[in-house]
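To keep things clear, I will list the structure first and then write my remarks on it.
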Amino acid sequence: MAKSLETLLAQINVLSPNRDKSSDGGIGNAEHSARTSDHNPDDDGVVKARDFTHDPLHGIDSEKLAEALRASKDARIKYLISNRKIAASYATGGKAAWAWRPYSGSNPHNHHCHISVLADAAHYDDTRPWVFDLTVADTQSSKPEIKSD
C-alpha cells in the first residue's frame, strides 16, 4: 500500500475510531484485477488507491471527506471519486483540474469515497500528514445527497 494512503487511513481512524469499515478497501478484488485499477499492485507491488466507508453517524461522511480532500489540492492526489462524480488533480474531459465531473463507472461510489495517488514514489510514499478541513465540505455548491443503490 502507498505509504501516503496509510497515513491518511491512520488520520481518518483517529478522527473516527468507531467508524464502519465495511466499504474500506486497498488492494483490489478479482473484479479489479481484470481491469486497469489503482487498487491493483503496480510493477513494484504498490497499490495506489484506497476507499473510505461512508459512515456519518460515526464521523466520516465520505462525500464531505472527498470534498475536503479536493479542496485541499494536496499534491499527492491523482483523482477522487464520490457519489457518481470524479475530480482529477489535472485538467481532463474538458474540465479544469480539481473540478467535479460526472462519473459513470459501474460502481457509483455512493457507499464510500475513492482516492488515488500519483504514480511516483515521491508522491505515493510521502508520509506527511494530510491537511484537510471537513467543515469546508458543508457548502452546498455541488454536493448531492448520498444515494443508495
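Considering every residue within the range 67-75, establish whether at least one is touching a strand residue (DSSP E or B) at 6+ places or on another chain (Cβ under 7 Å) and crowded, with 23+ Cβ neighbours inside 10 Å.
Within the range 67-75 (the criterion being touching a strand residue (DSSP E or B) at 6+ places or on another chain (Cβ under 7 Å) and crowded, with 23+ Cβ neighbours inside 10 Å), the answer is yes, since at least one residue qualifies.
Inspect the range 65-80 for any residue being over 12 Å from V117 (Cα atoms), within 11 Å of the chain's Cα centre (by Cα) and in a loop (DSSP other than H, G, I, E, B) and give the result as yes or no.
no
Which ones in the range 84-104 are assigned to a loop (DSSP other than H, G, I, E, B) and within 15 Å of the chain's Cα centre (by Cα)?
The answer is R84, S89, W98, A99, Y103.
For the range 96-117, what are the residues that are open to solvent by 20 Å² or more (accessible area, probe 1.4 Å) and closer than 14 Å to R70 by Cα?
Answer for the range 96-117, where residues must be open to solvent by 20 Å² or more (accessible area, probe 1.4 Å) and closer than 14 Å to R70 by Cα: A96, A97, W98, A99, W100, R101.
For the range 8-63, what are the residues that are among the polar types (S, T, N, Q), closer than 18 Å to S116 by Cα and modelled with pLDDT of 90 or more?
Residues satisfying the conditions are Q11, S23, N40, T53, S62.
Filtering the range 36-66 down to residues that are in contact with a Gly (Cβ under 8 Å, 6 or more places away or on another chain) and touching a residue at least 60 places away in the same chain (Cβ under 8 Å), which residue is least open to solvent (accessible area, probe 1.4 Å)?
Applying the filter and picking the extreme gives A49.
Going by the conditions given, is L134 hydrophobic (A, V, I, L, M, F, W, C) and at pLDDT below 90?
So L134 passes the test.
The values are calculated or read from the model by the stated rules, or taken from the named source; none is laboratory data. Being a predicted model, the structure only gives us computed values, none of them experimental. FYI the Cβ positions are ideal-geometry reconstructions off the backbone, even for glycines, and counts take in every protein chain you see. Calculation scope for accessible area: heavy atoms of the full protein, side chains included, ligands and nucleic acids excluded. Shrake-Rupley method; radii C 1.70, N 1.55, O 1.52, S 1.80 Å.
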